[in-house]
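Trainee: Mind looking over this structure? Questions follow.
The values are calculated or read from the model by the stated rules, or taken from the named source; none is laboratory data. Please read all numbers here as calculations on a predicted model, not as lab measurements. Because the Cβ atoms are built from the backbone with ideal geometry, glycine has one as well, and the counts that use them run over all protein chains shown. Ligands, DNA and RNA are stripped out before the accessible areas are found, and what is left, the full protein with its side chains, is counted by its heavy atoms. Shrake-Rupley method; radii C 1.70, N 1.55, O 1.52, S 1.80 Å.
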Amino acid sequence: MEPGSTVLGVEITERRFHTVYSLSAEVGIDRPRLSRLLKKIGHVPSDATEVEIGTMVFDAAEAVFLIEAFKTAVPLQDVPEYLGASKGQVEILYRSGIVKPLVPRTGRGSVRHVVFGRQHLDGLLRQLLAFTEMDADTCSVYHPIAVACQRGAGPFEDGSRRILAGQIPCFRNHEKSGIGSICVYVNAIVAAKRPA
């Protein structure tokens, strides 16, 4: 029943459930593709037939979140600009699982159009924005994370993971944004990696 419909004299004010058909119309994704998508993200059993999926209902609140996530999703090619990172850095973060797509990969080529939820990407940006802003004194001894990795701080994915976990002290360059704004003290990282 659509909101505004009247059933037994009672007006339906909000949608509580979606079928795959109503969800398809709401999301703007054709039903067969939406069925495959629902299987990949675990909302439908992987062995369910099209007939079985057609009779299933989905909680509207959960489905609305899914709808919004897909309607506002950021395609893989736009993520570097969104996160203030290079294409290579985003590919590394994607491969290492730091940046997670809306539909998880199950194997090579399992997802044709890789997209990322804005909520996930915005959460990562908020985490980076929380770092202390650099002042003139720290500017000279701190280097961008990409430069630090080239100068012995270790692989980019390890450095990024440790920065996000709060294990590497870092600052944020207010003149840049996102990942490109993060600066670290290379000598401290290299010293911490040496065996005692």
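Trainee: On the full set of protein chains, 1.4 Å probe, figure out the accessible area of residue 65 and give it in Å² to the nearest 10.
Mentor: 120 Å²
Trainee: Oh, and also: If amide hydrogens are placed 1.01 Å from N in the peptide plane, which non-local residues have theirs closer than 5 Å to the one on residue 17?
Mentor: So residue 17 has HN proximity to 60.
Trainee: Follow-up question, since we're still on this one. Please give the contour-minus-distance gain from residue 49 to residue 96: 0.36 nm per residue of separation, less the Cα-Cα distance, rounded to one decimal in nm.
Mentor: 13.6 nm
Trainee: Could you put 33, 126 in order of accessible surface area, largest first, with the 1.4 Å probe and the full protein assembly present?
Mentor: 126, 33
Trainee: Could you rank the peptides 69-80, 47-58 by their average count of other C-beta atoms within 10 Å per residue, with the highest value first?
Mentor: Result, highest mean Cβ count within 10 Å first: 69-80, 47-58.
Trainee: Lysines within cross-link reach of residue 100: Cα-Cα under 27 Å, excluding same-chain residues under 8 positions apart?
Mentor: List returned: 39, 40, 71, 87, 176.
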